[in-house]
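So the structure is just underneath, and the comments pick up after that.
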Amino acid sequence: MGAPDDTAGRPPSRPATPGEGTEASRYAPPRGRIHPDTSRSWLRRALPVVAAHKWTVAIALGCSFVGLVLQVQIPNLLNEAITNAVQHHRTSLATYVWEVLGFGVGAGVAAFVSRLYLMRTAYSMEYDLRHLLYEHLTQMSFSFYDRVQSGQLISRANSDVRSVNLYLTFAPAILVQCAVAVVAFGYMLAISVPLAIVAMVTMPLVYVAGTRMRKILFPVSWLIQARLAEVATIVDENVNGVRIVKAFDAEARELRALARAATRLRWANVRDYDLRARYTPAVQNLPQLGLALVLLVGGELVIHGQLGIGAILAFSAYIVMLQAPFQMLGQLIMMGQRAAASAGRIYELIDEQPDIVDAPDASPLGAVAGDVAFEDVAFSYRGDLPRALDGFSLHLRPGETVALVGRTGSGKSTVARLIARYYDVTAGAVRIDGRDVRSVTLSSLRDRVGIVLDEPFLFSTSIRDNIAYGRPGASLAEVEAAARAAQADGFIAELPNGYDTVVGERGYTLSGGQRQRIAIARTLLVNPPVLVLDDATSAVDVQVEQAIHEALAHLLGGRTTLIVAHRLSTISLADRVVLMDAGRVVAEGSHEGLLEREPLYVEVLAQAEHTEEVA
Ligand SMILES: Nc1ncnc2c1ncn2[C@@H]1O[C@H](COP(=O)(O)OP(=O)(O)OP(=O)(O)O)[C@@H](O)[C@H]1O
Ligand SMILES: [Mg+2]
């Protein structure tokens, strides 16, 4: 199994599922990155992401500006039309009508193009942000996933990305609107300075009232978010844990919990609308005050012949037009606060570096004989936790099958995880063919070391795709051979669609033993020279297990195998048995020898047999 074979066996596309092979070409990597300098403000760190879309942003903002400027002309045209055509018959009315129509259509087209490009930017930037985050998450090490809650991660990837993105795309658009408000004010000044000042009197009020309303609504909207998450968590746990809920007859209790959470959510929503109902009419009707003032002052000016009647018409249109930017300015501040908080949460993830990475001078692990050595290894999962391994030394010779036996919690799975460098040792070293696992590339190491865990996770795809997970290009014949070795071919043949049967979520439509055998086949297909079976056959019948190990010995001999086992039948397959306790090896030898000498060994086996009988 040299490297050329590996690549030959992995064409880029998987024929079984059409379309997946084009992933690489269809999904481009994100175009911008978050700036790594943590001393910058959140916005400056996010700028490279915006800059990557500068052309669509520029088109969107440019068109928005043009559209708004065209729109601003219309009230002024009305003013001129009334003065020149309606009152004094100096020009034809039709010209103005056509002009108003033309400006209106132009503004509409510009707004359409602007909106199109703004949304295009918004969605491709959202794609970039999500991609960045997900890419980062896939690089994170096991220790990270031991610590974080998946629900939290999902919420950051969803709502936090959205609120940051909302600000990045809409803040510039709102600023353009405000700039246009200045242009409009210029026109108003040109028509009549005193009236322009009167008209603007209410604008600060619109801003203040809008800001005040949002300040009051802000805590409530956070409350709604939190309570939505609460309801979502209950629903999520009830769907995922439905088997436990039903087994303990807890449906009524869970429903009550859901009802309580839903009631709290309803209270927050009602409160939100209650507050909105009080403020919205005030904010929305403030322009009427402006209109009244314009009518009062403007009307006086018209009566005294200092102003044309068209000016009043133009001003009332401007007042309505100016309202939106002033309201949105307040909204912008609010969006900024929320986006800053969200960005903080996203950066917290992005700034965390994976602790298990390739060393700068790492080289690929070539073909290996399968010599695995633990040299006086000490390990603890976290600095503040006691050591899971302490002074652990073990040597597996190439081609040897070793059974690792010990009480629960003695560190057997930890040993398995360290071979594939899921974690780094605290002291000592793990070597494969004499090379420290920290000095080789992670991908070459994990290609050479296959681990089958006791809790097999299957994806909700076909059995064939599940088995071929590590080698998507494998032929059906290869998949079948792996399934045969894992003693899975028999039950797969009996399934309605054979290898094309789609398993339920996490493989729940299969029995525990069936799932374990698929997981074994999945690892066998990769054909790793070092194989670790961590309680991988605990749910399989003794006879089937025997057959699996026989197949392993015959078909795929020559590999180094570490079997974490409790059962006598499994242990008897091993060349050597290693007994561990409290994170270190306490004895090793043949099964018979240990049985004679080691009371702990007898105890562990007796415990296993007992559990087996009970189960
Ligand atoms: N991800 C983890 N984070 C923190 N501590 C852990 C983690 N996994 C295991 N431990 C702790 O490390 C110790 C060894 O656990 P390990 O899983 O290696 O035991 P084991 O021998 O495989 O037990 P079992 O037979 O029950 O599978 C235990 O005290 C356990 O609580
Ligand atoms: Mg274990």
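The values are calculated or read from the model by the stated rules, or taken from the named source; none is laboratory data. The structure displayed is predicted, hence computed values, not measured ones. Cβ atoms come from the backbone with ideal geometry, glycine included; neighbour counts cover every protein chain shown.
Against the criterion of being of a type in the set (D, E, K, R), under 30 Å from ILE419 (Cα atoms), surrounded by fewer than 16 Cβ atoms within 10 Å (Cβ to Cβ) and away from ligand 1 (no atom under 16 Å from the Cβ), GLU135 qualifies. Of the residues making up region 368-399, just one is more than 13 Å from ligand 1 (Cβ to nearest atom) and hydroxyl-bearing (Ser, Thr, Tyr), namely SER393. Among the residues of region 348-361, those that are touching a residue at least 40 places away in the same chain (Cβ under 8 Å), surrounded by fewer than 17 Cβ atoms within 10 Å (Cβ to Cβ) and of a type outside the set (Val, Ile, Thr) comprise ASP351, GLU352, PRO354, ASP355, ASP358, ALA359, ASP361. Of the residues in region 488-495, at least one is away from ligand 1 (no atom under 16 Å from the Cβ), under 35 Å from the mean Cα position of the chain (by Cα) and modelled with pLDDT under 90. Going by the structure shown, is GLY450 in contact with a Pro (Cβ under 6 Å, 6 or more places away or on another chain) and not in a helix (DSSP H, G or I)? For GLY450, the condition - in contact with a Pro (Cβ under 6 Å, 6 or more places away or on another chain) and not in a helix (DSSP H, G or I) - is met. Scan region 569-578 and give yes if some residue there is under 42 Å from the mean Cα position of the chain (by Cα) and modelled with pLDDT of 85 or more, otherwise no. Yes, because at least one residue in region 569-578 is under 42 Å from the mean Cα position of the chain (by Cα) and modelled with pLDDT of 85 or more.
With respect to ALA209, determine if the residue is in the same structural domain as CYS178 (by TED's automatic domain parsing) and more than 30 Å from the chain's Cα centre (by Cα).
Numbers: in the same structural domain as CYS178 (by TED's automatic domain parsing): yes; more than 30 Å from the chain's Cα centre (by Cα): yes.
For ALA209, the condition - in the same structural domain as CYS178 (by TED's automatic domain parsing) and more than 30 Å from the chain's Cα centre (by Cα) - is met.
Listed by position, the helices (runs of 4 or more DSSP H) contained in region 460-573 that have at least 2 residues being away from ligand 2 (no atom under 16 Å from the Cβ) and either charged (D, E, K, R) or not assigned by TED's automatic domain parsing to the domain that holds VAL415 (or both) are 463-467, 476-485, 489-494, 512-526, 542-555. As for region 400-419, it holds no residue that is at positive phi and away from ligand 1 (no atom under 13 Å from the Cβ).
Among the residues of this structure, ARG435 does not count as one that is within 13 Å of ILE419 (Cα to Cα) and free of Cβ contacts under 8 Å to residues at least 40 places away in the same chain. Among the residues making up region 555-567, those that are modelled with pLDDT of 75 or more and more than 16 Å from ligand 1 (Cβ to nearest atom) are GLY558, ARG559, THR560, THR561. Checked against (1) away from ligand 1 (no atom under 16 Å from the Cβ); (2) within 32 Å of the chain's Cα centre (by Cα), ASP534 passes all but condition (1). The residues on offer are SER363, SER393, SER342, and the sole one that is in contact with a Phe, Trp or Tyr (Cβ under 6 Å, 6 or more places away or on another chain) and either more than 16 Å from ligand 2 (Cβ to nearest atom) or modelled with pLDDT under 90 (or both) is SER393. Return yes or no: is ASN285 modelled with pLDDT under 90, assigned to a helix (DSSP H, G or I) and polar (S, T, N, Q)? Answer is yes for this residue.
Can you tell me which of (1) buried (at least 17 other Cβ atoms within 10 Å of the Cβ); (2) away from ligand 2 (no atom under 16 Å from the Cβ); (3) assigned to a loop (DSSP other than H, G, I, E, B) is the one PRO398 doesn't meet? It is condition (1) that PRO398 fails. Name the single residue that is farthest from ligand 1 (Cβ to nearest atom) among those in region 424-446 being under 23 Å from ASP535 (Cβ atoms) and in contact with an Asp or Glu (Cβ under 8 Å, 6 or more places away or on another chain). Ranking the qualifying residues of region 424-446, first place goes to ILE432.
Condition test on SER413, is it surrounded by fewer than 21 Cβ atoms within 10 Å (Cβ to Cβ), more than 14 Å from ligand 2 (Cβ to nearest atom) and of a type outside the set (D, E, K, R)? It is false that SER413 is surrounded by fewer than 21 Cβ atoms within 10 Å (Cβ to Cβ), more than 14 Å from ligand 2 (Cβ to nearest atom) and of a type outside the set (D, E, K, R). Checking ARG227, ARG266 one by one, the residue that is surrounded by fewer than 14 Cβ atoms within 10 Å (Cβ to Cβ) and basic (Lys, Arg) is ARG266 and no other. With part of a helix (DSSP H, G or I), assigned by TED's automatic domain parsing to the domain that holds LEU605 and hydrophobic (A, V, I, L, M, F, W, C) as the only criterion, which of VAL425, VAL377, VAL415, VAL430 stands out? Among VAL425, VAL377, VAL415, VAL430, only VAL415 is part of a helix (DSSP H, G or I), assigned by TED's automatic domain parsing to the domain that holds LEU605 and hydrophobic (A, V, I, L, M, F, W, C). Can you tell me which residue is nearest to ASN165 (Cα to Cα) among those in region 90-101 that are part of a helix (DSSP H, G or I) and either out of contact with any Leu (no Cβ under 9 Å at 6 or more places or on another chain) or at pLDDT 95 or above (or both)? So the residue we want is LEU101.
Among the residues here, VAL294 qualifies as in contact (Cβ under 8 Å) with a residue 60 or more places away in the chain and β-branched (Val, Ile, Thr).
Cβ separations smaller than 8 Å between residues 6+ apart or across chains give the following pairs from region 409-429 residues that are under 11 Å from ILE451 (Cβ atoms) to residues that are part of a helix (DSSP H, G or I) and near ligand 1 (Cβ under 10 Å from one of its atoms): ARG417/PHE142; TYR422/PHE142.
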